[in-house]
Amino acid sequence: MSDLAQEIKELIIDCLDLEDITPDDIGDDDPLFVDGLGLDSIDALELGMNIQKKYNIKLDANDEANKEHFASVSALRRFIESHQAG
Amino acid sequence: MAFRPCLVVPCYNHSRQLRDTLAALAATGLPCLLVDDGSDSDNARALEALADEHDWLELARLQRNRGKGVAVIHGMRLAASRGYTHALQIDADGQHDPADIPALLEAARAEPEALISGRPRYGDDIPRARLYGRYLTHAMVWLQTLSFSIKDSMCGFRVYPLAPTLALLERSRVGRRMDFDTEIMVRLYWQGTPVRFVDTRVVYPPGGVSHFAVLADNLRITAMHTRLVLGMLWRLPRLLRGRHDVQHWSHQPERGSWWALWLVFQIYRLLGSRVIKLLLYPMIGYFFLTNREARQTSRDFLQRVHEQGGALPRAPDNRLVYRHLYSFGDAIVDRLACWQGRLRHEHMRFHNQRLLLDQRDSGQGAVILTSHLGNMEMTRGLMTDIEFIKLNALVYTRNAAHINDIIRRNNPRAGSDIIDIAHFGPQTALVLDEKIRRAEFIAIAADRTPPGQQSRLMPARFLGEEALFPAGPFIVASLLHCPVYFMSCIKHDDGIYDIEVKPFAERINLSRARREADLAGWIQQYADELQQLALRAPLQWFNFYDFWAGTGHEEAPEP
């Protein structure tokens, strides 16, 4: 497991106050929303804000691709990496 | 456009003063057409002698006195036939300062299609009555052109572009005497000729002969203004479409159908609020008669307030509904005035502003929940003045940029921003977060439900029945992890706005386990605050739609 994925999981738990959950409980490819971790749209905003802040990325509200970027921890990792590479 | 100017000087029995003026005109090096407007024989001979003396001076004589306008037009036609493109008109009696000629010519050269006019800076020697007369004329011209771009319409010290001016004279009848200067300028403006001004000094030489015959000329000027006002009404749609270079906020795409209000506002600017509020009576009367929906929703709302024991003088009837609509119109006028920066401290009482100042000093901003009850817009101008409280308003509008623009243009110090949240996302949240951390405030009206399906609505009890409220403002507040206030701005009977602010929540936390219930709780708390206000000031409820019907109405009209 990459360090970045671990970092993302900690960020998720931290900013969303997910008590009783440890990074190990979140699978890299588990869906974050609805099923899986069961996050909702408010969580999505909160998470989006924190990801932007921490990794200095801009997220366009109208971008349909956001859904895919935030689908799972590995999707988020790929998204962040692609921005950091550029 | 080519630029070949000449001087045109109309002259009626002013040969003595002209002698001095000519010395100054010679310095310009320009050829001059002197039009003798039927002077008496002594003066006529004197003018002929002057023309013989100066080879750059050409004299044309009208056999009998026809009026200044005719003389100027004659001179302009002559100038055009001699191949000149521009005519600089200057009076013969010495009241225009020839030293300003180069400045006028320079302006004309820079913009050859424009009419360049001197704008008088009077010396202390102007007769009082004449000054007041001029002011009235200014007011009329402002009304006729629906614009303040004509700053002075009576000064006869001008550079005319000959082609458009002569084309206009072919088509329209223009007053030929003292009414000429004003009328030709207004008509040129209507035609689309830009009008530019150059400051100039005007003197009334002691002992000078002015041919301003008080009664006859005032009648002529009155007739002219009547013609022009009728012409303005005829051209109203085009003037408002802004084909002209008018710098005014109403010349923006969203001005749309409320031009009538804008006209009212112009009158307000000229005549003050008392007159305008009188004019509002028939206008709102018309609105009352033609707008069934507003009438019904008003009556329904007032009925609910009445049943809940609100501050109504009697059971809702037509008169009360009319008063309700009137207060809406009144709020619009106040809002326009506020945008203009005309309403300030003395029109507002800001209660417990200390709360916001302390909040600001803590280094963290806050969310301020507002509503469409009362006139929150009024706080905008005020916030600028009060020790730099920066208030950002969140609205669902695609016109946010435009509105900001309008406000800035009218009041460059306006310290607030309108932020569009029609597409709210993480990026918007981050922008707001940034503002909160800079100790700014974010105002959100939480009473209207936003347009579109995807927004989250939740029911809360309001005036005896459940109505749907937007969850968005409370979610935003929870994301920002900052204190929340409730704020209102209600017009008191004495005409002064009472701005009140009170703490709403230290934080809005939406716990993961009971998110829906938490949201519902906060929304009900807001609905309760709103109900208290509604009972206190029911006539300032400006949601003119069925509030309990549960459909999106963010785009309903507001003052």
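The values are calculated or read from the model by the stated rules, or taken from the named source; none is laboratory data. Quick caveat: nothing in here was measured; it's all calculated off a predicted structure. A quick note on method: Cβ atoms are made from the backbone with ideal geometry, for glycine too, and the neighbour counts reach across all protein chains shown.
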Could you tell me whether B:Val70 is more than 25 Å from B:Pro102 (Cα to Cα), crowded, with 18+ Cβ neighbours inside 10 Å and touching a residue at least 12 places away in the same chain (Cβ under 8 Å)? yes
Given (1) at pLDDT 95 or above; (2) within 14 Å of another protein chain (Cβ to nearest Cβ), B:Gln524 misses just (2)
What residue, among those in segment B:453-491 that are surrounded by fewer than 16 Cβ atoms within 10 Å (Cβ to Cβ) and in contact with a Lys or Arg (Cβ under 8 Å, 6 or more places away or on another chain), is nearest to B:Ser362 (Cα to Cα)? B:His481
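From the list B:Ala439, B:Ala443, exactly one residue is of a type in the set (Gly, Ala, Ser) and either within 15 Å of B:Glu529 (Cβ to Cβ) or within 14 Å of another protein chain (Cβ to nearest Cβ) (or both). Which is it? Quick ask: steps written out before the conclusion?
On the way: B:Ala439 fails: either within 15 Å of B:Glu529 (Cβ to Cβ) or within 14 Å of another protein chain (Cβ to nearest Cβ) (or both).
Residue meeting the stated conditions: B:Ala443.
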Among the residues of segment A:23-40, what is the count of those that are closer than 17 Å to B:Ser511 by Cβ and either small (Gly, Ala, Ser) or not in a loop (DSSP other than H, G, I, E, B) (or both)? 2
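Listed residues B:Ile444, B:Ile490; which is in contact with a Gly (Cβ under 7 Å, 6 or more places away or on another chain) and closer than 25 Å to B:Glu377 by Cα?
Working: B:Ile444 fails: in contact with a Gly (Cβ under 7 Å, 6 or more places away or on another chain).
It is B:Ile490.
Quick one: would you say B:Pro503 is surrounded by fewer than 21 Cβ atoms within 10 Å (Cβ to Cβ) and assigned by TED's automatic domain parsing to the domain that holds B:Ala337?
Working: surrounded by fewer than 21 Cβ atoms within 10 Å (Cβ to Cβ): yes; assigned by TED's automatic domain parsing to the domain that holds B:Ala337: yes.
In short, yes.
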Residues B:Gly472, B:Gly495: which one is under 38 Å from the mean Cα position of the chain (by Cα), within 13 Å of chain A (Cβ to nearest Cβ), modelled with pLDDT under 90 and over 22 Å from B:Gln308 (Cβ atoms)? B:Gly472
Matching residues in segment A:64-82 - criterion: being away from chain B (no Cβ under 14 Å) and without any contact (Cβ under 8 Å) to a residue 24 or more places away in the chain: A:Glu68, A:Ala75, A:Arg78, A:Ser82
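Which ones in segment A:8-22 are crowded, with 16+ Cβ neighbours inside 10 Å and in a helix (DSSP H, G or I)?
A:Ile8, A:Lys9, A:Leu11, A:Ile12, A:Ile13, A:Cys15
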Selection count where residues are crowded, with 20+ Cβ neighbours inside 10 Å and either modelled with pLDDT of 90 or more or not aliphatic (A, V, I, L, M) (or both), scope segment B:75-92: 10
Looking for something in a strand (DSSP E or B), of a type in the set (D, E, K, R) and in contact (Cβ under 8 Å) with a residue 60 or more places away in the chain - is there at least one such residue anywhere in segment B:539-546? no
May I ask you to list pairs of residues, at least six apart or on different chains, whose Cβ atoms are under 7 Å apart, with the first in segment B:326-346 being over 28 Å from B:Arg295 (Cα atoms) and the second being modelled with pLDDT of 65 or more? B:Leu343/B:Asp334; B:Leu343/B:Ala337; B:Leu343/B:Met378
